[in-house]
Amino acid sequence: MNTATDLILIGALAGVWLTAGLLADALPGVRTARELRRRARTLSLLVGAGVAVFIAVPLVTGVLPGTSNAPAAALLPAVPALVVLTLTARRLTRIRRGAAAFATAPLTPAPPALQAAAAHPLVATPLQVTGLAALAGVPIAAGVIDVPGAQVAGIVLTVVGMAVLALGIRHAIRHSRLNVNVFAPIGKARLRPVPARQTAAETYTALPAESRPAEGYATSGHRAA
């Protein structure tokens, strides 16, 4: 059994995804558009690194002789990692492209719409769940927990499920709070109706060309009388 190799692989897997989860949690708090673009790009690179570690697990364990627990431990975070690849990666690309449009000046504030998009539950939650699931796979890689058939594995899955629910609720609340700033004015000022402008009554003034025939008509009428 290659316990040391399994721990190195699953430890690297957990480290990459936990780092991505922490960086995604701080993404909505970025102040400038340039920093938002930089962090979104870093998150995309971390997602790529996490996928590379997933691919390396069966390749390395297949080359080394003996049995390995790393493939079984990598199956636990594989499901949320698929959600990251199908949903989160696309949202990160949109955030990065949207921030690039405002990143021409170094101190351009991050638009509230992009901050709300960065706080969407489908951005940080799958990344953090993948990191927690990979961390839960470390005891499996060490041989402490046997999968399947262990009661400890059921406890670990229950804890991870509760963590998923708590993270989803937390990010949903933060997304709703930031989403209000997109449609409502920031601050305590209230919107007041603007009074209608009072326009002065328009008066008609005859042009000189219009007054001459009238004068001529009055003269000819006077003569006829």
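We did not get these values from a lab; they are worked out from the coordinates using the rules stated. In this text the structure is predicted, and so the values were computed from the model without any measurement. Using ideal geometry, Cβ is built from the backbone for each residue, glycine included, and neighbour counts are taken over all protein chains shown.
Taking the simple approach of a point 7 Å from Cα along Cα-to-Cβ for both residue 63 and residue 142, what is their distance in nm?
2.7 nm
Report D for the range 1-149 in µm² per second (integer): Stokes-Einstein, Kirkwood Rh on Cα pairs, 25 °C, 0.890 mPa s. All intermediate terms of the calculation are to be shown ahead of the outcome.
Numbers: Rh = 16.0 Å.
The estimated diffusion coefficient comes to 153 µm²/s.
Give me the net charge for the shell around residue 109: Cβ to Cβ below 12 angstrom, other residues only, Lys and Arg +1, Asp and Glu -1. Intermediate values should be presented prior to the final figure.
Details: positive: 31, 34; negative: 35.
With Lys, Arg at +1 and Asp, Glu at -1, the neighbours total +1.
Calculate one ³J(HN,Hα) per residue across the range 42-59 by plugging θ = phi - 60° into the Karplus curve 6.51 cos²θ - 1.76 cosθ + 1.60, and present them in order as whole Hz with x for glycine and proline.
5, 5, 5, 5, 5, 4, x, 5, x, 5, 5, 5, 4, 5, 6, 4, x, 5
At a Förster distance of 30 Å, what's the computed FRET efficiency of residue 52 paired with residue 166, Cβ-Cβ distance as r, to 0.05? Walk me through the intermediate numbers first.
Values: r = 29 Å, r/R0 = 0.97.
So, using R0 = 30 Å, E works out to roughly 0.55.
In terms of modelled amide H atoms, which long-range or inter-chain residues lie less than 5 Å from the amide H of residue 32?
Under 5 Å from the amide H of residue 32 lie the amide H atoms of 110, each far enough along the sequence or on another chain.
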